[in-house]
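Comments concern the structure below.
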Amino acid sequence: MSVFITAEIGINHNGDLQLAKKLIDTAVIAGCDAVKFQKRTVDKVYTQEYLASPRKSPWGETQRAQKEGLEFGKEEYDEIDRYCKEKGIEWFASAWDVDSQIFLRQYDLKYNKVASAMLTNDELLQEIASEGKYTFIATGMSTLDEIDHAVDIFEQAGCPYELMHCNSTYPMPVEDANLKLIRVLADIYKCKVGYSGHEAGTLVSTCAVAAGATSIERHITMDKTMYGSDQKASIEPYELCRLVKDIRDTERIMGTGKKVLTPAEEEVKKKLRG
């Protein structure tokens, strides 16, 4: 099976549907398998006190204005659903609350995603697991005990899942990647383990494939200098194209692990060994 590559649009669309479409186009051109968004019910995820606190943004002077400005509703997701079908690419989203997960059910999505920040939200995990869809579970900021508990919820529900090794810093220093943990998690949980990266550039994500990652997720942007908290930890279109190519090349480079002489090597053997 090929490494599953997801372009995480998240909230990098900045509330602009046309920008979201450009990001979808970028993922399609690069050869990604899916694009991913984030869905929040603002009043459920954040406290009223937090939402009333000051924050300057293109949408106003409060946290509420900023959070609401970044949220797509049914009209936008209807168009995203239509557009992705037209372009032949899967889409899904990480819900940050139960209402958002229920909202996403109206679309015929193949996949679910548990964001690292939500790994300890039992109510949300149970809601997601109850759907029985293949779920990517990010493990940033989490202890093995916390991962154990989340995995148990999905095991109890009989819901297929794939863990994703992740370091939740934005951007992540490359020395914090700890890619050897991919194999460790695979051995502990006897499941596929992918990598969700927030580092600058593409080298770490490519190395993750060589380290055994079965999926790769990276935030994408049209321009890292745009407004937004995730833009600097994202990769631009040319980087995404290079990453997908490097991942596919790495898969071929890693081979099968079987000791087989290639036809070219057989010819050299005839010459050198007689």
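Provide a single number: the residues in segment 227-274 that are part of a helix (DSSP H, G or I) and hydroxyl-bearing (S, T, Y).
Qualifying residue count for the region: 2.
Restricting attention to segment 138-153, and to residues there that are in contact with a Ser or Thr (Cβ under 9 Å, 6 or more places away or on another chain) and of a type outside the set (G, A, S), which single residue is most open to solvent (accessible area, probe 1.4 Å)?
Filtering first and then ranking leaves M141.
List, please: which pairs have Cβ atoms under 6 Å, are six or more places apart or on different chains, and start with a residue in segment 181-198 that is on the phi < 0 side of the Ramachandran plot and end with one that is at pLDDT 95 or above and part of a loop (DSSP other than H, G, I, E, B)?
Hits for this filter: I182/A211; I182/G212; I182/A213; R183/G212; K192/T214; G194/A213; G194/T214; Y195/A213.
Please determine whether any residue of segment 247-254 is closer than 16 Å to A27 by Cβ and open to solvent by less than 80 Å² (accessible area, probe 1.4 Å).
Looking through segment 247-254, at least one residue is closer than 16 Å to A27 by Cβ and open to solvent by less than 80 Å² (accessible area, probe 1.4 Å).
I'd like the full set of residues that are within 16 Å of S196 (Cβ to Cβ) and either surrounded by fewer than 19 Cβ atoms within 10 Å (Cβ to Cβ) or in contact (Cβ under 8 Å) with a residue 40 or more places away in the chain (or both), limited to segment 154-172.
Matches in segment 154-172: E162, M164, H165, C166, S168, T169, Y170, P171, M172.
Those residues that are more than 23 Å from F37 (Cβ to Cβ) and in a loop (DSSP other than H, G, I, E, B), I need them from segment 172-225; list them, please.
P173, A177, N178, L179, K180, K190, C191, G201, A211, G212
Which of the numbered conditions does I11 fail, given that it passes all the others? Conditions: (1) open to solvent by less than 20 Å² (accessible area, probe 1.4 Å); (2) among the hydrophobic types (A, V, I, L, M, F, W, C); (3) within 15 Å of the chain's Cα centre (by Cα).
(1)
For segment 63-118, enumerate the residues that are of a type in the set (A, V, I, L, M) and closer than 23 Å to G228 by Cβ.
Within segment 63-118, the first condition is being of a type in the set (A, V, I, L, M), and the residues that meet it are 65, 70, 80, 89, 93, 95, 98, 102, 104, 109, 114-115, 117-118.
A65, L70, I80, I89, A93, A95, L104, V114, A115, A117, M118 - these are the residues of segment 63-118 that are of a type in the set (A, V, I, L, M) and closer than 23 Å to G228 by Cβ.
Quick check on my filter: what residues within segment 20-49 are of a type outside the set (S, T, N, Q), assigned to a helix (DSSP H, G or I) and crowded, with 20+ Cβ neighbours inside 10 Å?
Result: A20, L23, I24, A27, A30.
For (1) under 30 Å from Q66 (Cα atoms); (2) at pLDDT 95 or above, each residue gets a yes or a no:
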{"position": "I216", "(1), (2)": "yes, yes"}
{"position": "T225", "(1), (2)": "yes, no"}
{"position": "S229", "(1), (2)": "yes, no"}
{"position": "E236", "(1), (2)": "yes, yes"}
{"position": "I247", "(1), (2)": "no, yes"}
{"position": "G255", "(1), (2)": "no, no"}
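On the basis of being polar (S, T, N, Q) and open to solvent by 60 Å² or more (accessible area, probe 1.4 Å), does S196 make the cut?
So S196 does not fit the description; no.
The values are calculated or read from the model by the stated rules, or taken from the named source; none is laboratory data. Since the model is a prediction, treat every value here as computed from it, not as a measurement. Neighbour counts are summed over all protein chains in view; Cβ atoms, including those assigned to glycine, are modelled from backbone coordinates with ideal geometry. The protein model used for the area step is the full one, side chains on, heavy atoms only, and it has no ligands, DNA or RNA in it. Shrake-Rupley method; radii C 1.70, N 1.55, O 1.52, S 1.80 Å.
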